[in-house]
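The values are calculated or read from the model by the stated rules, or taken from the named source; none is laboratory data. Predicted model only: the values in this text are computed from it and were never measured. Glycine also receives a Cβ, built like all others from the backbone with ideal geometry; neighbour counts cover every protein chain displayed. Ligands, DNA and RNA are excluded from the accessible area calculation, which covers all protein heavy atoms including side chains. Shrake-Rupley method; radii C 1.70, N 1.55, O 1.52, S 1.80 Å.
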Amino acid sequence: MKKLLCSAILCLSAFANAQETATKIPSDAVVVAAVKGGNLLQLMSVNDLNASYFGKEILKELNKKGEQAYSSLEDFGFDLNATSHYFYQIKDSINYNAFIVPIKEVSKFENFVTTQSKKEIVSENGVRTFKDQDEIVMVWNESMLVLVMGSTSDYFFSDPVVMERYGLEDLYSYDEAVVESTEVYEDYPEEENIEAEEIEETVIESTETYDDDEDVVEEVVIEDYDNSSYYDYYNGNYEKKKALAKEWSLKRAKDILAQPESQSIIFNKSYQNSLDDNAEATLWVSDFGAIYQNLLGDSMYYTGLSDFNIGSMYADSGMIAKLFMEKDKMQINIIYTVSDEMADSYKKMTSRKLNSKFFKYINEDRMMGYMSYAMSTKAALEEYPKILKNLYASMPMYGDEADLAIDFVALLLDEEAIAKVFTGDMLFLLSGISQKEVTYTSYEYNDDYEYETVEKTKMETVPDFLLMASTDDSKFLNKLIDYAMKKQVVVYERGYYALKIPESPLAVYFTIKNGIVFMGTSEMEMYKIVAGTFDAKLSSKHKKMLKNSTYSAYLSGKQLASKLPIDDMSLDAVTKLNWFLKNSEDGYITSSRIKGNEIKTEMVIEVPASEENSLKYLFNIIETFAK
Amino acid sequence: MKILAYLKYTLAVFLLCTITSCFEVIEEVNLKNDGSGSMIFTLNMSKSKAKLASIMLLDSVNGFKVPSRKDIQKSLDEIVAELNKAEGITNVKETADYDNFIFSVSCNFKKIDNINSMTDDLWRKQKNKTAVSSYLFDASKGYFKRHYQYDVEAKKQYNKLKSENKKVFDDASYTTIYRFDKEIVSQTNGSSKISKSKKAVMQRVSALDIINGKGNLANTIQLKK
């Protein structure tokens, strides 16, 4: 059954009539993901897929049973040209992870699932399922498969009224210290009134013999637990909740299949924004606040942190992500939406742009990559306490103390003074590769083989780094340098300083010039900065990327491949990494300043001209690394 | 401050990509005429110090957990504690230079057999049947014998390593130095050399030769009577 599930999810994740399956997603789903088989098959045919490492592995795994020989991914009956969906739905008693996969030929599909699972199929009004279900419930009709996995909420089932209703044992019933709940539980879950319907089952296939081992769990009957040990109660409750989850999941799966379009997510405006004909895959998250509160609720309930106002911190925050697989690049665009309150804080914190003077110290021809970060230190120091206060405010035990402590720390910090020392924008450059002389200890032996310790030198190829950070007030930093010099941690060279850190694998040099703190590993580069002879070269593409982003990261595959002595490096998968770097172009991530309530992040991996398109390129990478 | 953590890891990984590594081990025995003496065991990884310093910035590398300075010190202290418990062994000292990654342990022994007993104990604790190496000194006949038996397990373990981990052994070496009060008349190991004063014998073998069984540390040294 696991294999069956894996292959179904694998097919789904790679491929899987958008309108049809989307209408089955309930209107209150909080996460929806879609993978468009049609778009993907335009980039890679089914035949190419079957011949890929990925396709071969699936077929090999599924052919292991030997009863049926599959030669194509189409043999499983799924509609690879259609769109598959995943959604996540939160209920107070249970959460559902569900997949909706279109079926092209139901006979092929049923043949496939019965061969793999050895389970008996039952049918009711065209809705088919297995007579015995696993934890992941499968229900299907002629055109689509619905997989549902429900997980019950421990928090919900900790309520004594709920426990009594479902026949759960109170694990702490013998602990007198436990105060009996006086709350009247009003919010009954929708599932609680489910009554077992009398279903006239039509067995359509029963030629297979039963694999009894796998289905034993299904048969577990909730027994009377005479043993009063904690673990027996725990295990008993666990089995009962598991049985409930399965029962509710089966009902949910059938409801999904029968759901009319009017009750679906397709009328939700926010969800509609995530739709894009050109995207190969999309992800829509409606409300992080609800998800975090729900996901963390259980664990926080047990750890006593349930009063943290996580929900409010992420209130009204959602996300839309789109994956585009193009000929020359793979691109993921993410739009993260935050609440008005968070947007206000974020706007202030990211009000600062990256210092354009940094560009005078970048040479694109030598550069292997960079990371930039532009934040207003002053605004961050002012806004963080507000966010923290909001997070701690609702804690009944320590809320007041936390509030006081945060105010006290804010009082001690002189935001303006700190912000003058480090304004909050910085750039970290992988600026090149150089040969460095390093010392090591060896021994010299005399004629009598007595030895003395000698210091020898050798050349090492080391990567060079340059870190630049803006400062409006270098007085404090100069004071710090003077102190470090007195303590002989810092040595003054030709206009710059050398930092002596015994544990550091590299020599580190630094200087302060024109409101920039420079710290790097190349002495030559530091000298050029001080002397004003730095040979800068930076294209408008990078200038734009650096200037317009709150955060950006860039790696040049070509530069890395040409400069790093990969063959000599002692890291895992050298050959594979070498192949990858020689077959890679540029990769970058940029995150925009907030506009309205939206933060846009873009991730791009460029595809070498030798590759047909980005999907085939991705498959090549997977194949190389998986082998 | 997450960004600083990223920078630290980026730096370490890039350094690991470029810097080479190797190490040397020196085993010294100074033997007096009465059979007592001293022994020093040194592990010098100074030539790899830039790489080791980079590795120390990481939690694990190539699937191996990177020991912290505390872990290393604990292991050294354990060795010293074992030596202090051993019969006939005195004046146990350890040195640890974490800047240059040089570590040594030294001790005095009443008779060379005390070293054998201690190494036998250690080997037994490691669940190995017999030690591959032991010493014998016969004062009456005037010879010193270094017993060495190639252990195929070394090659098996080495072959299990990934190619990137095997590189550590490429330039590594093992040096033995035996010093005596009396002059040496003869020695049986073809790759060992007798010093000018004829009171010391030295042999340097590459770690790969030891692993592959090509390097033989066995020797019988005949001293002047």
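A few notes on this one:
- Scanning the range A:611-624 for residues that are under 14 Å from A:Glu585 (Cα atoms) and at pLDDT below 85 yields one hit, A:Ile621.
- Some residue of the range A:26-36 being of a type outside the set (A, V, I, L, M, F, W, C) and part of a helix (DSSP H, G or I): no
- Qualifying residues in the range A:460-486 (those that are within 13 Å of another protein chain (Cβ to nearest Cβ) and of a type in the set (D, E, K, R)) - the one nearest to the chain's Cα centre (by Cα): A:Asp464
- Set A:Thr453, A:Thr457: member being of a type in the set (S, T, N, Q) and within 10 Å of chain B (Cβ to nearest Cβ): A:Thr453
- Selection status of A:Ala417, more than 11 Å from chain B (Cβ to nearest Cβ), of a type in the set (Gly, Ala, Ser), loosely packed, with under 15 Cβ neighbours inside 10 Å and not in a loop (DSSP other than H, G, I, E, B): yes
- Filtered by the rule that a residue be open to solvent by 30 Å² or more (accessible area, probe 1.4 Å), part of a helix (DSSP H, G or I), in contact with a helix residue (DSSP H, G or I) (Cβ under 9 Å, 6 or more places away or on another chain) and over 22 Å from A:Ser431 (Cβ atoms), the range A:334-376 gives A:Glu341, A:Met342, A:Asp344, A:Tyr346, A:Lys347, A:Lys348.
- Residue pairs meeting the criteria (Cβ under 8 Å; at least 6 apart or on separate chains; first assigned by TED's automatic domain parsing to the domain that holds A:Thr23, in the range A:263-290; second open to solvent by 50 Å² or more (accessible area, probe 1.4 Å) and among the charged types (D, E, K, R)): A:Asp287/A:Asp316; A:Gly289/A:Asp316
- The condition of being within 24 Å of B:Ser104 (Cα to Cα), open to solvent by 40 Å² or more (accessible area, probe 1.4 Å) and more than 10 Å from chain A (Cβ to nearest Cβ) holds for only one of B:Asn216, B:Asn212, B:Asn159, that being B:Asn216.
- Selection from the range A:107-144 of residues that are open to solvent by less than 20 Å² (accessible area, probe 1.4 Å), outside any loop (DSSP other than H, G, I, E, B) and touching a Leu at 6+ places or on another chain (Cβ under 9 Å): A:Phe109, A:Phe112, A:Val113, A:Thr115, A:Gln116, A:Ser117, A:Thr129, A:Val137, A:Met138, A:Val139, A:Trp140, A:Met144
- Breaking point among (1) within 30 Å of B:Lys111 (Cα to Cα); (2) modelled with pLDDT under 80, for B:Ala139: (2)
- Unmet requirement for A:Gln559, which otherwise passes all of (1) within 30 Å of A:Thr350 (Cβ to Cβ); (2) assigned to a helix (DSSP H, G or I); (3) more than 13 Å from every other protein chain (Cβ to nearest Cβ): (3)
- Selection within the range A:68-106 - touching a Gly at 6+ places or on another chain (Cβ under 7 Å) and surrounded by fewer than 18 Cβ atoms within 10 Å (Cβ to Cβ): A:Lys104, A:Glu105, A:Val106
- The condition (being outside any helix (DSSP H, G or I), modelled with pLDDT of 90 or more and basic (Lys, Arg)) is satisfied by just one residue among B:Lys225, B:Lys182: B:Lys182.
Table: residues versus (1) open to solvent by 80 Å² or more (accessible area, probe 1.4 Å); (2) more than 9 Å from chain A (Cβ to nearest Cβ); (3) within 18 Å of the chain's Cα centre (by Cα).
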site	(1), (2), (3)
B:Val168	no, no, yes
B:Thr175	no, no, yes
B:Phe180	no, yes, no
B:Thr188	yes, yes, no
B:Ser192	no, yes, yes
B:Ser197	no, no, no
B:Arg204	yes, yes, yes
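- Out of B:Tyr143, B:Tyr135, B:Tyr158, sole residue that is touching a His at 6+ places or on another chain (Cβ under 8 Å), of a type in the set (Phe, Trp, Tyr) and over 26 Å from A:Glu444 (Cβ atoms): B:Tyr135
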